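The values are calculated or read from the model by the stated rules, or taken from the named source; none is laboratory data. The shown structure was predicted, so the numbers you read here are calculated from the model rather than taken from an experiment. Here the Cβ positions follow ideal geometry from the backbone for every residue, glycine too, while neighbour counts run over all protein chains shown. Surface accessibility is based on the protein's heavy atoms, side chains included, excluding ligands, DNA and RNA. Shrake-Rupley method; radii C 1.70, N 1.55, O 1.52, S 1.80 Å.
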Amino acid sequence: MSYLLHIDSSSLGEASVSRQVAQSFLEGWDGKVVHRDLAAAPVPHISAAGITARVTDPSQHTDEQSAAAAMQDTLIEEFLGAGAYLFTVPMYNLTMPSVFKAWLDQIIVFGHTVNHEGPSQVAGRPAVVISARGGSYGPGAPRHGLDYVIPIIEALLGHEDMLGLDVTTVIPELTMAPHAPALAALLPMHEASMADAHDRARELAAKIADGMTTAA
């Protein structure tokens, strides 16, 4: 069984709900894990050197292009080597943390991880995205339709013309209910959402691990 690539992007460390739910997944995972904490060690945002290095003969690279390409190659190799993926991507101001977007921009490279001629190398591999948010954005909620985390991630990670991963989302909601008096009445809904998220994380870990073992 290949390794699980675990990417964290929450800035809250151990206080992060997304990370706490991910821990329930990891407790049920019996296999190798490669962990990258983008909050503690962010990767650079894509630069002009990184973009131009993709379309320039390596023998003609500047020092900046060579450094950018080497860093990108390391991240891509790490990504391609995984058999499954665990991402913690909380909602910050309606969208994903910028450190996660920076990582995506480094590993989504046409001709390497994505192409126009068929499925990507990682198509079909399982990926779990855990995305906590302070409020609720599902059908019937006042802010329904304002979730710019999950739809974008599902498109980038899961669309057949992009990375084509088999994406499952786990969404702990109303995480501000224990802290904001105005949301106190929603505390039972938050607690139910948390319990469900931890249960689903454990179930997904067992299911994915079993599927990878069977495939091997």
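Computed quantities for the displayed model
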{"item": "Filter result for ARG54 (in contact (Cβ under 8 Å) with a residue 40 or more places away in the chain, basic (Lys, Arg) and closer than 30 Å to ALA206 by Cα)", "result": "no"}
{"item": "Residues within segment 143-169 that are aliphatic (A, V, I, L, M), open to solvent by less than 40 Å² (accessible area, probe 1.4 Å) and over 17 Å from ARG125 (Cβ atoms), tallied", "result": "2"}
{"item": "ALA205 vs. criteria at pLDDT 90 or above, touching an Asp or Glu at 6+ places or on another chain (Cβ under 9 Å) and not in a helix (DSSP H, G or I)", "result": "no"}
{"item": "Residue identified as closer than 21 Å to GLY81 by Cα, assigned to a helix (DSSP H, G or I) and among the hydrophobic types (A, V, I, L, M, F, W, C) among ALA22, ALA49", "result": "ALA22"}
{"item": "Residues (within 30 Å of GLU191 (Cα to Cα), part of a helix (DSSP H, G or I) and either β-branched (Val, Ile, Thr) or in contact with a helix residue (DSSP H, G or I) (Cβ under 9 Å, 6 or more places away or on another chain) (or both)) located in segment 102-158", "result": "ILE150, ILE152, ILE153, LEU157"}
{"item": "Members of segment 25-40 found to be over 15 Å from the mean Cα position of the chain (by Cα), more than 14 Å from LYS207 (Cβ to Cβ) and assigned to a loop (DSSP other than H, G, I, E, B), listed by number", "result": "LYS32, ALA40"}
{"item": "Tally of residues being of a type in the set (A, V, I, L, M, F, W, C) and open to solvent by 50 Å² or more (accessible area, probe 1.4 Å) across segment 44-70", "result": "6"}
{"item": "Residue among VAL99, VAL43 that is in contact with a Ser or Thr (Cβ under 7 Å, 6 or more places away or on another chain) and either part of a loop (DSSP other than H, G, I, E, B) or closer than 25 Å to TYR148 by Cβ (or both)", "result": "VAL99"}
{"item": "For VAL55: the one exception among (1) more than 18 Å from ILE153 (Cα to Cα); (2) modelled with pLDDT of 95 or more", "result": "(2)"}
{"item": "Subset of segment 71-94 [outside any helix (DSSP H, G or I) and surrounded by fewer than 16 Cβ atoms within 10 Å (Cβ to Cβ)]", "result": "GLY81, ASN93, LEU94"}
